[in-house]
Amino acid sequence: MVQILQGKDTTLAQLIDEFGLQLAEDEDFFSEWQHDLPELSDLEKQSLNEVKAEYLHLSKYPVLEPVVKMVVLSPLLRLAGFYQPPFYIASEQEVKISSEDEGTIIRGRIDILVFHPPFWVLVIEAKRADYSLEIGISQALAYMLANTGNDKPTYGFVINGREFQFIKLTKQGTPRYALSYTLSLNRGDDLHTVVKVLKLIAHLIRNS
């Protein structure tokens, strides 16, 4: 009997059991989020300070997912250059992935997909402020596994407004993934680091 799961209900354990997903132990597997990051201009830093101030102001009341996308995610993607050629943005992109024996099917909708036709660049899951990133990580990984382009890495970005985490997935042979540290809007220049990583990913794709 075929088991049909919704992406939002998928656990990491299910992805490991049904799709052979493995955590990459090699520290160099996902070095993009730590090394050779670009510098930001003073104007970009000022924009990020405004994003932080606006979010902290609005967070006095519950911050739901649409507000996270509008106030935090949208300016981050703009600063990273994802609204410019050669990139495109899709919202609520439908995906379906089947296990090798087709005993399990995962269906869902990607919150935001950044793509450079025909390649997926960045799978983004945005959650309301009071949700843990852990919920979004397994969901993003499920959707990333549905990417049919096997020769390039797929990156994921999980955000709840206050916290951010990056994911890298490769599918050559056994699917392998790794996570960045959790970055926080409240900690030092972490928000600057988020945009630097996004900029680096954009650069890597443009020049690949």
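Descriptive notes on the structure:
- For region 48-137: rounded, prolate or oblate by the Cα gyration tensor [a/c cutoff 1.5]: oblate
- Förster-model FRET efficiency, 22 Å R0, Glu25 and Ser132, C-beta, rounded to 0.05: 0.40
- Sequence ranges 183-190, 131-138, ranked by mean other-Cβ count within 10 angstrom, highest first: 131-138, 183-190
- Taking Cβ atoms as reference points and 12 Å as the exclusive limit, the residues near Asp26 contribute a net charge of -1, counting Lys and Arg as +1 and Asp and Glu as -1.
- Computed 3J(HN,Hα) for region 78-84, one whole-Hz value per residue from the Karplus formula 6.51 cos²θ - 1.76 cosθ + 1.60 where θ = phi - 60°, is 5, 5, 6, x, 7, 9, 10, glycine and proline marked x.
- On Cα atoms only, tilt of 133-145 relative to the major axis of the chain in degrees: 50 degrees
- In percent, rounded to a whole number, the relative contact order of the chain is 26, using alpha-carbon pairs under 8 Å and six or more apart.
- Other residues with beta-carbon under 12 Å from the beta-carbon of Thr154 carry, at +1 per Lys or Arg and -1 per Asp or Glu, a net charge of +3.
- Using heavy atoms of the protein chains and a probe of 1.4 Å, the accessible area assigned to Ile89 is about 70 Å².
- Over the chain, the ratio between the Cα radius of gyration and 2.2 N^0.38 Å evaluates to 1.00.
- Computed per residue of the chain from DSSP H runs no shorter than four, each worth -39500 (n - 2.57), the mean residue ellipticity at 222 nm is -9500 deg cm²/dmol.
- The H on the amide N of Thr104, modeled in the peptide plane, is under 5 Å from the matching H of Gln3, Ser99, each at least 5 residues off or on a different chain.
- Under 11 Å from a label point set 7 Å out along the Cα-to-Cβ vector of Asn207, no amide N atom of region 162-194 is found.
- Counting Lys and Arg as +1 and Asp and Glu as -1 over every other residue whose Cβ lies under 13 Å from the Cβ of Leu43, the net charge comes to -2.
- Too-long pairs where the Cα-Cα distance tops 23 Å, listed order kept, from Lys127/Lys168; Lys8/Lys152; Lys52/Lys152; Lys69/Lys196; Lys171/Lys196: Lys8/Lys152; Lys52/Lys152; Lys171/Lys196
- In degrees, nearest ten, helix 42-58 long axis to first principal axis of the chain (Cα): 80 degrees
The values are calculated or read from the model by the stated rules, or taken from the named source; none is laboratory data. Everything numeric in this text was worked out from a predicted model, so none of it was measured. Note: ideal-geometry Cβ built from the backbone for every residue, glycine included; neighbour counts use all protein chains shown. Heads up: the accessible areas ignore ligands, DNA and RNA and are worked out on the full protein's heavy atoms, side chains in. Shrake-Rupley method; radii C 1.70, N 1.55, O 1.52, S 1.80 Å.
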